[in-house]
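Take a look at the structure set out below.
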Amino acid sequence: MREVSVSEVWKRKYPEPVVLVTSVDEKGKPNIIALGWSMPTSFEPPMLAISVGKTRYSHKLISEGKEFVLAFPQEGMKDEVLYCGTHSGRKVDKFKETGLTAQPAKEVRPPLMEECLVNMECKVVGELDTGDHTIFAGRIVRASVSEEEGQRLYSLGGERLGGVRESG
Ligand SMILES: Cc1cc2nc3c(=O)[nH]c(=O)nc-3n(C[C@H](O)[C@H](O)[C@H](O)COP(=O)(O)O)c2cc1C
């Protein structure tokens, strides 16, 4: 083994599943962020965690609103995910710009995204300061899946996104 910087190591973590997360401002206007850093954390009660940079507009919305919806985008949603991951909701309306369809959630204020494979409605139950990001722990209060089956979208490093197939 050869010793390298930590940033050099992270270049080798891909492919990484990508999620889209919605949150709302105090007037109910929704925003979308693309995240690579998310994980399930508990079956019972059902919980997950996301790590959001403190400079992101979504960080403000999630820490104030204490709710979010986490969704799995499909393989074909590369352009929409990249847009949500490179533009801030402080300046643009990402639903309008990407054409993604907001669908009212049942248990939280942030909306579902109709084009995604899965949507999970979450209530924030904990926050952990982890340097320049905050981990938000969310309790999943409602989950839905799309009628059609599809492949998830992965980050392949940098701005490369795509599907992942079993090899061999
Ligand atoms: C593939 C991909 C993965 C990303 N993963 C994360 C992440 O895990 N955490 C994070 O805070 N930002 C992540 N980002 C960056 C945010 O999506 C980006 O800064 C976004 O513009 C923030 O939007 P907002 O200001 O509207 O919240 C990622 C971006 C891309 C394209």
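The values are calculated or read from the model by the stated rules, or taken from the named source; none is laboratory data. Just so it is clear, the model here is predicted, and its values are computed rather than measured. Here the Cβ is made from the backbone with ideal geometry for all residues, glycine too, and neighbour counts use every protein chain on show.
Miscellaneous remarks
- Any hit, the stretch 43-53, residues being within 13 Å of the ligand (Cβ to nearest atom) and touching an Asp or Glu at 6+ places or on another chain (Cβ under 8 Å): yes
- Filtered residues of the stretch 54-63 (kept if within 20 Å of V108 (Cα to Cα) and within 11 Å of the ligand (Cβ to nearest atom)): Y57, S58, H59, K60, L61, I62
- Qualifying residues in the stretch 69-80 (those that are surrounded by 17 or more Cβ atoms within 10 Å (Cβ to Cβ) and over 11 Å from the mean Cα position of the chain (by Cα)) - the one farthest from the ligand (Cβ to nearest atom): Q74
- Only one of K11, K106, K96, K66 that is exposed (fewer than 12 other Cβ atoms within 10 Å of the Cβ), touching a residue at least 40 places away in the same chain (Cβ under 8 Å), away from the ligand (no atom under 11 Å from the Cβ) and more than 12 Å from the chain's Cα centre (by Cα): K11
- For the stretch 24-41, the condition holds for no residue, the condition being that it is more than 15 Å from the ligand (Cβ to nearest atom) and buried (at least 16 other Cβ atoms within 10 Å of the Cβ).
- Only residues that are surrounded by 15 or more Cβ atoms within 10 Å (Cβ to Cβ) and either in a loop (DSSP other than H, G, I, E, B) or at pLDDT below 95 (or both) were counted in the stretch 130-156, giving 3.
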